[in-house]
1. What are the residues in region 176-201 that are assigned to a loop (DSSP other than H, G, I, E, B) and in contact (Cβ under 8 Å) with a residue 60 or more places away in the chain, if any?
2. Can you find a residue in region 176-198 that is modelled with pLDDT under 95 and touching a helix residue (DSSP H, G or I) at 6+ places or on another chain (Cβ under 6 Å)?
3. In this structure, does residue 57 turn out to be touching a residue at least 40 places away in the same chain (Cβ under 8 Å), on the phi > 0 side of the Ramachandran plot and exposed (fewer than 13 other Cβ atoms within 10 Å of the Cβ)?
4. Pick from 151, 135, 124: which is outside any helix (DSSP H, G or I) and on the phi < 0 side of the Ramachandran plot?
5. Quick check on my filter: what residues within region 68-92 are part of a helix (DSSP H, G or I), in contact (Cβ under 8 Å) with a residue 24 or more places away in the chain and more than 20 Å from residue 52 (Cα to Cα)?
6. Look at region 93-103 and say how many of its residues are assigned to a loop (DSSP other than H, G, I, E, B) and in contact with a strand residue (DSSP E or B) (Cβ under 9 Å, 6 or more places away or on another chain).
7. Any residue in region 148-160 that is modelled with pLDDT under 95 and touching a strand residue (DSSP E or B) at 6+ places or on another chain (Cβ under 9 Å)?
8. Working carefully through the options 51, 37, find the one that is more than 21 Å from residue 89 (Cβ to Cβ), surrounded by 13 or more Cβ atoms within 10 Å (Cβ to Cβ), at pLDDT 95 or above and touching a strand residue (DSSP E or B) at 6+ places or on another chain (Cβ under 8 Å).
């Protein structure tokens, strides 16, 4: 829906919206989805708010959430890493990303993430890309991608990124510091490469 999916092993994020009347706790919803997928013999792993699966050559992240009561798109999500919950609005995320003018750069960074096998949640990656290019001109995707790598290697690790749909939800907390440092290290390595085929191939 954001227009940023890539076709390398089919990177795909699917949001599973449950009714507000669902009786199960967020943890029960998350764990039961994981157990169900596992019981079907599908390779899966618990991440933070998502469950990652590999199926038919496709890499898919499933994000279960419980809708809030009333005429709203707000949802509550379970945060597995810290055994807590958070509130967000996927519709707002989609709108922000689609209207950012940075879709090409986001797609490039998702390709880079996939090729280098990095744990970098999609909404976090998207918001970081938008922030990194805040003052950059549009229609210069290659230069902007390199600027994003510069941002990742120099400013990313300690930068606080908040959820635009809920400022109490700190998106940058979705990764531990060592995971952010892995991303920064790879960005530095890529930025030091002389040829594009060593960065994105």
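The values are calculated or read from the model by the stated rules, or taken from the named source; none is laboratory data. All values derive from a computational prediction rather than experimental measurement. Every residue, glycine as well, gets a Cβ built from its backbone with ideal geometry; the counts of neighbours run over all protein chains shown.
1. Taking region 176-201 and keeping what is assigned to a loop (DSSP other than H, G, I, E, B), we get 176, 192-195, 199-201.
Residues satisfying the conditions are 176, 199, 200, 201.
2. no
3. Working: touching a residue at least 40 places away in the same chain (Cβ under 8 Å): yes; on the phi > 0 side of the Ramachandran plot: yes; exposed (fewer than 13 other Cβ atoms within 10 Å of the Cβ): yes.
Taking the combined requirement at face value, the residue satisfies it.
4. Details: 151 fails: outside any helix (DSSP H, G or I); 124 fails: outside any helix (DSSP H, G or I).
It is 135.
5. Once the filter is applied, which keeps residues that are part of a helix (DSSP H, G or I), in contact (Cβ under 8 Å) with a residue 24 or more places away in the chain and more than 20 Å from residue 52 (Cα to Cα), region 68-92 yields only 92.
6. Adding up the residues that qualify gives 0.
7. As a first pass, look at region 148-160 and keep what is modelled with pLDDT under 95: none.
No, the conditions are met nowhere in region 148-160.
8. Selected residue: 37, the only one of 51, 37 that is more than 21 Å from residue 89 (Cβ to Cβ), surrounded by 13 or more Cβ atoms within 10 Å (Cβ to Cβ), at pLDDT 95 or above and touching a strand residue (DSSP E or B) at 6+ places or on another chain (Cβ under 8 Å).
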